[in-house]
1. Above 26 angstrom, tally the Cα pairs of chain A and express them as a % of all pairs, no decimals.
2. Taking each label point as 7 Å beyond Cα in the direction of the beta carbon, state the distances from A:Lys356 to the same residue in the other copies, shortest first, in nm.
3. What does the helix-only formula give at 222 nm for chain A: each DSSP H stretch with n ≥ 4 adding -39500 (n - 2.57), the total divided by the residues, and the result rounded to the nearest 500 deg cm²/dmol?
4. For a label point 7 Å from the Cα of A:Arg210 along Cα→C-beta, name the residues of region B:332-355 whose backbone N is under 15 Å from it.
5. How high is the relative contact order of chain B? Use alpha-carbon pairs under 8 Å, at least six apart in sequence, and give a whole percent.
6. Too long at a 24 Å Cα-Cα cut-off: which of A:Lys133/A:Lys189; A:Lys113/B:Lys308; A:Lys133/B:Lys340; A:Lys186/A:Lys230?
7. Setting aside same-chain residues fewer than 8 positions from A:Lys346, which aspartates and glutamates have a Cα under 18 Å from its Cα?
8. Fewest Cβ neighbours within 10 Å first, please rank B:His319, A:His328 accordingly.
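Only the coordinates and a few stated rules stand behind these numbers; no lab work does. Nothing here was measured: the structure is a model prediction, and the numbers come from that model. Here the Cβ positions follow ideal geometry from the backbone for every residue, glycine too, while neighbour counts run over all protein chains shown.
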2 protein chains.
Amino acid sequence: MKKFYIAKARRLRGTPYSSRIESQGLTAYTTYNHMLLPASFEGIEKDYFHLKEHVQVWDVAAQRQVQIIGKDSAKLVQLMTCRNLSKVEVGRCYYAPLIDEQGKMLNDPVILKLSGEKWWVSLADSDIGLYAKGLASGLRLQAEVSEPDVNILAIQGPKSFKLMEKVLGEKVSKLKFFGFDYFPFKGNKFLIAKSGWSKQNGYEIYVENREAGLNLYDELFSAGKEFNVKPGCPNLIERIESGLLSCGNDFDNGDNPYECGFDKYIDIKSDINFLGKKALIQISKEGVKRKLMAVKIDLDQIEMMEEKTLQNGKSFVGHLRSAVYSPHFKKVVGIAMIKKEYWNKKTTFELEIGNKKSKGSICDLPLV
Amino acid sequence: MKKFYIAKARRLRGTPYSSRIESQGLTAYTTYNHMLLPASFEGIEKDYFHLKEHVQVWDVAAQRQVQIIGKDSAKLVQLMTCRNLSKVEVGRCYYAPLIDEQGKMLNDPVILKLSGEKWWVSLADSDIGLYAKGLASGLRLQAEVSEPDVNILAIQGPKSFKLMEKVLGEKVSKLKFFGFDYFPFKGNKFLIAKSGWSKQNGYEIYVENREAGLNLYDELFSAGKEFNVKPGCPNLIERIESGLLSCGNDFDNGDNPYECGFDKYIDIKSDINFLGKKALIQISKEGVKRKLMAVKIDLDQIEMMEEKTLQNGKSFVGHLRSAVYSPHFKKVVGIAMIKKEYWNKKTTFELEIGNKKSKGSICDLPLV
């Protein structure tokens, strides 16, 4: 597959850590929320094996925050999501599908309530700040919407626990999954959550002070030598194998949250007020006609720039949305939107690329 | 300067023309509106000289349309921009700064009214569709907001006139600057505007049918041989020399339209209703304290990932936002946000990169 360079510009913002990761062996970038996001260091297969065994420090500053402050902040955040936020606690992270008035997906952030009238919506890749601004202006809400200079470092991998304990103290290792709290390091306080976009365990450090963040970055690498720490990034193989969905890849504004398997984050029964509630009630009555599932395909490589059609003979089975070669399964694995009549896991399909047809099979998410 | 690959994914959508430009010598991509946008073929200097002498076909599908349809469509479009759209005509393009309620820049699209209740907002790089959706929902407007499958081809360069006349007929060469109309080609109709993001003359073809667009693409190359046609893309050197501003590079949500020199597109005196009007009235009273200007710097290369500080001794002069080496001026040229006390064109400044200080000077936009 041909490779192309990325043209840099201020429009695709560098992060506080860019010069560090570039000198630490970065090979590929992607972009995310108008910012550079590392995509590969030693190649995604080597990165994958390392992530599953050791610990990595990820520059995920591109996971930008929409900050919403004010008397109506809770109302505005709730308006955008079908997840019931009425009992949200400070100190917990909430994964929440954001939808539009038609009940279609806009983003799947983690939401953090920092205090009574201050929220962070920690974004996947779309300008939810503009949606929030539009709603706040249209509804005359007292809610100030901004993008604070928060640049997340994720510490991921089975040894993340040991590394974080060594650098930030024993207390950080007591954090429960999706809990967050503030922890001191050399005179600065860091919001740290036990979270991250892998299933290899880890933490996300919401860095609010660039210089303090760089000091912490360097300390993580020097303290991490004994754990074989390396720079890393969200890994395409690991996240597909783990069934972590990617906004813009696996779903987009054409899909509803039921089709994405987000049922447990949808509350159409209580009296909370969110946009798209009517639409979701209707969809729920009718039931969905397709959903996201995992697939395995007899191929040793694949390139995705758009969804690809899966066929069973002449019948349409679904659309492949994400895919990558998995060294574990020794085939291409992927995530696809599958038509209801093919939800039976014994279904096989063909995928045609160029003039070559390959066979594949459907399985539940996550892959096993 | 180190180069990095771009990692492909469905999230950074390919265009209908991607496979063609990749086999025609593409070397670098950028991303724009969640889509791939070509950034270089033979290198931006070679591309620049060719663009200024011949004709290029650009895959600018990433210039996505926000389509707004419905009884309240005109009201919604006007709400987002400080340009007076009350007398807008079908068949004309309108460059218009979009702002938020604080009077800060969100985008600088070209707006096309296609019929009484159908508009296209032809975007720079931000999700204005989400802003429009938020406003429409918040204000209960009858306006349907969507992103149609429109994939623009730009034909740019001094020979664009001849090429377009040869392929689409004499009538197309009668189009006036920023006029648009429909033109037939092999049984399909194409919306064509005399516009484009260069000052070398040209057209933008709003392709609504992918297959018809590919046929037209191929015809442009086969008919264009005698004009030395090549694939191209928005050229960083040409656009900075021409003073064409880039949203996200030269300005962002921290800047107001007066600071960007958009005064002639601001109407705070008539009774039109747009968000941010109060804020702009206030800013207009106070006057701006900085504005975008051109700069020349004694350097032979530069890389931009964030704005860079310009100093005069110990005094802050401004922020460099975009910059590139210009083979015409034989130095780096750029666009910078300059503090009022330095608007005098005789000001010089220093720019420090690494430990190296370079001298520069300020001039009006566009560079001469």
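1. Percentage above 26 Å: 54.
2. Label-point distances to the other copies, shortest first: 4.6 nm.
3. That comes out to -5500 deg cm²/dmol.
4. Once the point is set 7 Å along Cα→Cβ of A:Arg210, B:352-354 turn out to lie under 15 Å by backbone N, inside region B:332-355.
5. Computed value for chain B: 17 percent relative contact order.
6. Listed pairs above 24 Å: A:Lys133/A:Lys189; A:Lys113/B:Lys308; A:Lys133/B:Lys340.
7. Once the sequence-local aspartates and glutamates are set aside, what remains near A:Lys346 is A:Asp298, A:Asp364.
8. Final ranking by Cβ density, sparse to dense: A:His328, B:His319.
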